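The next block holds one structure in the form of structure tokens; read it before the comments.
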Amino acid sequence: MISDKIKKAGIVGAGGAGFPTHIKASSKAKILVANAAECEPLIHKDFELILNYADRVVNGMLLMMESISAEKGIIGIKEKNEEAIVALNKVLNKNDKISLHLLDDIYPAGDEYVLVYECTGKLIPIGGIPLDIGVVVTNIETLYNISLSNDDVPVTEKFLSVSGAVKRPLSFFAPIGISFEDVIKVAGDVTVHDFAIFVGGVMMGELTFDTSKIVTKTTSGLIILPKEHKIVRRKNQLDKDYKRIGKSACDQCSYCTELCPRYLLGHHVQPHKVMRSLVFTKSGEDFWSEFSFSCSSCGLCTLSSCPEDLFPREICSMSKIKMQNEQKKIEKKFQIKVHPLYKSRQTPIKRLMKKLDLEKYNTKNPFIKCDYNPVSVVISLKQGVGGFSTPIVDVGQKVVKGELIAKVPEDKLGANQHSSINGFVKRVNKEFIEIYHSNKY
């Protein structure tokens, strides 16, 4: 079965939280939507992957459609990506099972709720998932990996986009487990003295200054920016600052709500009301609001919509965590209806990049074939949704690239892990396996 091969290969969603793909492949749905929207500014990895491996992407999509018994496949891709569209059409030829849906260049076109509505006209219910309306959504790189798994090739590499303040912006296949420092070396080093790293994007990604962090199966790209860049400064605030500033300065203009992508789809996301809840508590600590429940944390309200540069996204995230910890639930039976100004209130990527002062970094990230051999790799035993996989190798053991080194228990959610280089096992614990390159050990 296709799902068995996917599980054996250790495939997880390559563009999000890392949900084990074999679980999705075991479900049943009428429509498979491939997410090629790639809406994070400065990341172009899906474009490059399609441009160079459209045959693999389409093959993976057909395999996934077969696995879930889908009647139709839709690839959501931005109309501006003309070269990638041409590459897909060449492979698709007269295939009537898969069609392309051309998207506007807006943010966040890749949000699951937005993408599904744009491609199918269907609305995911509050608190729901695409499967609730007969849809499965899969990332482009995940489809590429599914195609490889059918040839018994496991996931040992991550297709990365590296951009921003580097000498050679590029996309390449990085061995899983290499450090960010190694990735930056492949990109020719940085062009600034003090820098910060956005992992996965400036909007929804993680900010770090630690170059020893490692590449995992869910690392979509690294964006290097000067440490003094305004996005870095805003993202590097403390939680207490978010609350203090919001409590004192929010004037309830409601722009954060009126331009929220989920609100425009009819969901009850109203960040301005979540911000209002700060004012009603003395400390600003005891707050929660059902109006944050369906927030996607896209960051548009914080980095674009708010005229006072406040932090509604961060407050919504704290609110959701507090609700989860206190096991508070909301009524999910609201009827949702698309806002009549849905189209006119969408945020164009060009406008967003101009506001964020990212235009000078908006270069192509061409795919470069390079056989970079790191001194060592650190393979995390938890790379996505689920628990830790169990090591099946010992210290000193020789391993080869693609060899299974950790296995997910049969009754647990998670993914198998494989060695990404030829080498020797140096360290093994419950969280990771460190492997040194055979020529450098």
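The values are calculated or read from the model by the stated rules, or taken from the named source; none is laboratory data. Quick caveat, the model's predicted, so the values are computed rather than measured. Here the Cβ is made from the backbone with ideal geometry for all residues, glycine too, and neighbour counts use every protein chain on show.
Among residues that are touching a Ser or Thr at 6+ places or on another chain (Cβ under 8 Å), hydrophobic (A, V, I, L, M, F, W, C) and assigned to a helix (DSSP H, G or I), I43 is not included. Considering each residue of segment 121-139 in turn, at least one proves to be surrounded by fewer than 24 Cβ atoms within 10 Å (Cβ to Cβ), under 29 Å from I74 (Cβ atoms) and among the charged types (D, E, K, R).
L352 - would you say it is more than 30 Å from P169 (Cα to Cα), of a type outside the set (V, I, T) and either touching a residue at least 12 places away in the same chain (Cβ under 8 Å) or in a loop (DSSP other than H, G, I, E, B) (or both)?
Numbers: more than 30 Å from P169 (Cα to Cα): no; of a type outside the set (V, I, T): yes; either touching a residue at least 12 places away in the same chain (Cβ under 8 Å) or in a loop (DSSP other than H, G, I, E, B) (or both): yes.
When the stated conditions are applied, L352 does not pass them.
Taken together, I2, I6 contain a single residue that is at pLDDT 95 or above and over 17 Å from the mean Cα position of the chain (by Cα), which is I6. Please tell me if G414 is touching a His at 6+ places or on another chain (Cβ under 8 Å) and surrounded by 17 or more Cβ atoms within 10 Å (Cβ to Cβ). It is false that G414 is touching a His at 6+ places or on another chain (Cβ under 8 Å) and surrounded by 17 or more Cβ atoms within 10 Å (Cβ to Cβ).
In segment 116-126, the count of residues that are among the hydroxyl-bearing types (S, T, Y), touching a helix residue (DSSP H, G or I) at 6+ places or on another chain (Cβ under 9 Å), over 23 Å from K217 (Cβ atoms) and part of a strand (DSSP E or B) is zero. Taken over segment 23-57, residues that are in contact with a Lys or Arg (Cβ under 9 Å, 6 or more places away or on another chain), crowded, with 24+ Cβ neighbours inside 10 Å and farther than 18 Å from G201 by Cα amount to 2.
Under the condition of being within 23 Å of the chain's Cα centre (by Cα) and of a type in the set (F, W, Y), the residues counted in segment 410-441 number 1. Report yes if some residue within segment 244-254 is among the hydroxyl-bearing types (S, T, Y) and crowded, with 20+ Cβ neighbours inside 10 Å; otherwise report no. Checked against the condition, which is being among the hydroxyl-bearing types (S, T, Y) and crowded, with 20+ Cβ neighbours inside 10 Å, segment 244-254 yields no hits at all. With respect to the conditions (1) of a type in the set (S, T, N, Q); (2) touching a Lys or Arg at 6+ places or on another chain (Cβ under 7 Å); (3) surrounded by fewer than 22 Cβ atoms within 10 Å (Cβ to Cβ), T211 lacks only one, and its number is (2). Looking at K398, K364, just one residue is of a type outside the set (V, I, T), farther than 29 Å from Y53 by Cα and either in the same structural domain as T142 (by TED's automatic domain parsing) or in contact (Cβ under 8 Å) with a residue 40 or more places away in the chain (or both), and that residue is K398.
Checking segment 23-39 against the condition returns no match, with no residue being of a type in the set (D, E) and modelled with pLDDT of 95 or more. Filtering K24, K30 for residues that are over 26 Å from N81 (Cβ atoms) and of a type in the set (K, R) leaves a single hit, K30. Cβ-Cβ contacts under 6 Å between residues 6 or more apart (or on different chains), taken from a first residue in segment 170-186 that is assigned by TED's automatic domain parsing to the domain that holds I405 and within 14 Å of S220 (Cβ to Cβ) to a second residue that is of a type in the set (D, E, K, R) and part of a strand (DSSP E or B), are absent.
Of note, G284 satisfies the criterion of being modelled with pLDDT under 85 and either buried (at least 17 other Cβ atoms within 10 Å of the Cβ) or outside any helix (DSSP H, G or I) (or both). Taken residue by residue, segment 322-339 has no member that is of a type in the set (S, T, N, Q), at pLDDT 95 or above, under 25 Å from the mean Cα position of the chain (by Cα) and on the phi < 0 side of the Ramachandran plot. Reported count of residues in segment 367-385, each being surrounded by 19 or more Cβ atoms within 10 Å (Cβ to Cβ) and either among the polar types (S, T, N, Q) or on the phi > 0 side of the Ramachandran plot (or both), is 4.
Would you list the strands (runs of 3 or more DSSP E) that sit entirely within segment 360-441 and hold 1 or more residues that are modelled with pLDDT under 95, touching a helix residue (DSSP H, G or I) at 6+ places or on another chain (Cβ under 8 Å) and closer than 30 Å to R168 by Cβ? Quick ask: steps written out before the conclusion?
Numbers: elements: 376-380, 404-407, 423-428, 432-437.
Strands (runs of 3 or more DSSP E) meeting the threshold: none at all.
Return the residues of segment 155-171 that are farther than 23 Å from V232 by Cβ and surrounded by fewer than 23 Cβ atoms within 10 Å (Cβ to Cβ); say none if nothing qualifies. The one that is farther than 23 Å from V232 by Cβ and surrounded by fewer than 23 Cβ atoms within 10 Å (Cβ to Cβ): E157.
Checking segment 74-90 against the condition returns a match, with at least one residue being among the acidic types (D, E), in a helix (DSSP H, G or I) and surrounded by fewer than 21 Cβ atoms within 10 Å (Cβ to Cβ).
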